[in-house]
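Student: Pasting in a structure now, in structure tokens, and then I'll have a few things to ask.
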Amino acid sequence: MPRTAPRTTAHTALWRPLALALMAGLSLGALSAAPAQAQGQGQTQGADTTRDLLQALSNAPGPSGFEEPVRAIMVKAFKPYGKVSYDGMGSVIVENGTSGPKVMLDAHMDELGGETRRITADGFVTMQMLGGWLDEALPGQRWIIIGSKGPVQAVSVIRDIHVIPPEERGKPFNRENLFLDVGAKSAADAAALGLEAGDPVVPDSQFVEMTGGGRYMGKAWDDRVGCAVVIEALKRLAKEGHPNRLFVAATTQEEIGLRGAQTASNVILPDIGIAIEGGMAGDQPGTHPDESNSKLGGGPDLFIYDVSALPNRKFTAMIRQTAKEIGVPVQLDLVSGYGDDSAMMQKAGGGAPTMNIGVPVRYMHVHSGIMDRKDFDETVDLVVAVIKRLDAKTVASLRDFTPPGE
Ligand SMILES: [Zn+2]
């Protein structure tokens, strides 16, 4: 919980049940109907456990520092496969396998969100953003504030077209003008809703399967899609076997500086690491060709450049070869304004080869992103196949920088 005083016991005690209720779609009026209306392609609700997992993870509220509802899902999923432990920042770690090199498989639990800052005299609420929001994504959106008395619905204030002079139209929104309207008539009214400084705020956006099927729209695919990948990969690897000590980590506070990944990596001290992320699909109208190479539905993204990390080149080649052999298409992406947890894994201890693999997502840091189920399944297949090959000899060769002939 960055930049705030410790919460009271009452608040903390309330946070989890409320958030879990939200996660299950049990509240908040009309929006709670969305999951039930979601259309499956030949699938009925509940028949596809992977889809259900993705839905639960997307709907779970968990901005940076307030990851409890996501942590609850991760711990439940991890427990059958090994000893679950925590780092001092709240990241969850499960270990499966007793011998061989230490392989770290990572996804982050937190999502873009905010914290309430203050209540204005007329009962509006200002917000400190958590994570990399574009100002233009902020006005006119629905949000949920988790106050001490329960969830509070809010909409971010937007000026109406009927009153904006023509010369002011089209001007970018500035976050200094961001206010949340909670329907209160006064400051006292807002305070009576149980709001105070530091309450977590999340986008109000429920999971739906898109009408044509196979593509899922929801909030927080960055990085709940990664959380689902590591769960599904762990399940398969535990069943099928792997020649290593696998540490699966679900980290905290990635969106505000890879903080949980730093501490989790220092606990695990991996010999090699893979981060799973929301990848950067760049195939929607209006994007520049050099923003991203990746397409939704084009297969897992291998991040060969981002601003936080360069992957190990031998490991990259090994992953590409594995993908080729199992028939999974991969996309090679370079993204100029993007950081990921592999940056911390690769710098822990004496350093480790790493790769960040993304499941392509359109519209990552906004209320509604889109992911493709095929990309998800292929990413799980690839991660499982790669980790099965990471035996002691292979990892030693990937970690070997000796020049030829030396
Ligand atoms: Zn992310």
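Each value in this text was obtained by applying a stated rule to the coordinates, not by laboratory testing. Note that this is a predicted model, so its numbers are computed, not measured. Positions of Cβ are generated from backbone atoms using ideal geometry, with glycine treated the same way; all protein chains shown enter the neighbour counts.
Student: In the P(r) worked out for the stretch 114-203, what percent of Cα pairs fall beyond 20 Å?
Tutor: 33 percent
Student: Counting other Cβ atoms within 10 Å of each Cβ, which trypsin sites (Lys or Arg not before Pro) in the stretch 152-197 have at most 12 and sit in a DSSP loop?
Tutor: Arg169, Lys185
Student: Hey, if you put +1 on the Cβ of every Lys and Arg and -1 on every Asp and Glu Cβ in the stretch 345-386, which of Gly358, Thr379, Met345 ends up farthest toward the positive end of that dipole?
Tutor: Of Gly358, Thr379, Met345, it is Met345.
Student: So what is the relative contact order for the chain, in percent, with contacts set as C-alpha pairs under 8 Å and at least six apart?
Tutor: Contact order relative to length: 21 percent.
Student: If you don't mind, another one. By how many degrees, between 0 and 90 and to the nearest 10, does the Cα long axis of helix 9-23 differ from the longest principal axis of the chain?
Tutor: 80 degrees
Student: Counting only DSSP beta bridges with both residues in the chain, tell me the antiparallel percent, nearest 5.
Tutor: In the chain, DSSP labels about 60 percent of beta bridges as antiparallel.
Student: Oh, and also: By count of other Cβ within 10 Å, fewest leading, how are Val359, Val84, Val94 ordered?
Tutor: Listed from fewest to most nearby Cβ atoms, that is Val84, Val94, Val359.
Student: If the only charges are +1 at each Lys and Arg Cβ and -1 at each Asp and Glu Cβ, what is the size of the charge dipole of the chain around the Cα centre, to the nearest 20 debye?
Tutor: That gives the chain a dipole magnitude of about 960 debye.
Student: Taking 25 °C and 0.890 mPa s as the conditions, I'd like the Stokes-Einstein D for the chain in µm²/s, using the Kirkwood hydrodynamic radius from alpha carbon pairs.
Tutor: Rounded to a whole number, D works out at 112 µm²/s.
Student: What distance in nm lies between label points placed 7 Å from Cα along the C-beta direction at Val157 and Arg313?
Tutor: If labels sit at Val157 and Arg313, their model points lie 5.4 nm apart.
Student: At a temperature of 4 °C and a viscosity of 1.567 mPa s, determine how fast the stretch 214-292 diffuses translationally according to Stokes-Einstein, using the Kirkwood radius over alpha-carbon pairs as Rh; express D in µm²/s, rounded to the nearest whole number.
Tutor: It comes out at roughly 87 µm²/s.
Student: Something else about it: Past 20 Å, Cα to Cα, is the threshold; run Lys235/Lys314; Lys102/Lys388; Lys102/Lys393; Lys76/Lys219 against it and keep the listed order.
Tutor: Going by Cα-Cα distance, Lys235/Lys314; Lys76/Lys219 fall outside the 20 Å limit.
Student: For the chain, take the longest principal axis of its alpha carbons; what is the angle in degrees between that and the long axis of helix 313-326, to the nearest 10 within 0 to 90?
Tutor: That helix lies at roughly 90 degrees to the long axis.
Student: Once the piece of chain linking Ser368 and Asp135 is laid out straight, how much longer is it, given 0.36 nm per residue of separation minus the C-alpha distance between them?
Tutor: Here the segment from Ser368 to Asp135 would lengthen by 82.3 nm.
Student: Within the set of other residues whose C-beta is less than 12 Å from the C-beta of Val125, count the net charge using Lys and Arg as +1 and Asp and Glu as -1.
Tutor: -4
Student: What is the helix-to-structure angle for 373-389, meaning the angle in degrees between its Cα long axis and the longest Cα principal axis of the chain, kept from 0 to 90 and rounded to the nearest 10?
Tutor: Once rounded, one gets 40 degrees.
Student: Give, as a single signed number, the net charge of other residues whose beta carbon lies under 10 Å from the beta carbon of Asp372, with Lys and Arg counted +1 and Asp and Glu -1.
Tutor: Here the charged neighbours net out to +2.
Student: Mind giving me the nanometre distance, one decimal, between the label points for Asp122 and Glu291, set 7 Å out from Cα along Cα→Cβ?
Tutor: Placing both labels 7 Å along Cα→Cβ, they lie 3.5 nm apart.
Student: Need one number: nm distance between label points at Ser85 and Leu332, each 7 Å from Cα along Cα→Cβ, rounded to one decimal.
Tutor: Computed distance between label sites Ser85 and Leu332 equals 3.8 nm.
Student: Let me ask you something else. I want to make sure I understand the PRE zone here: with the label point 7 angstrom from the Cα of Ala392 toward its beta carbon, which residues in the stretch 245-263 have backbone N atoms less than 16 Å away?
Tutor: Counting only backbone N, you get 245-246.
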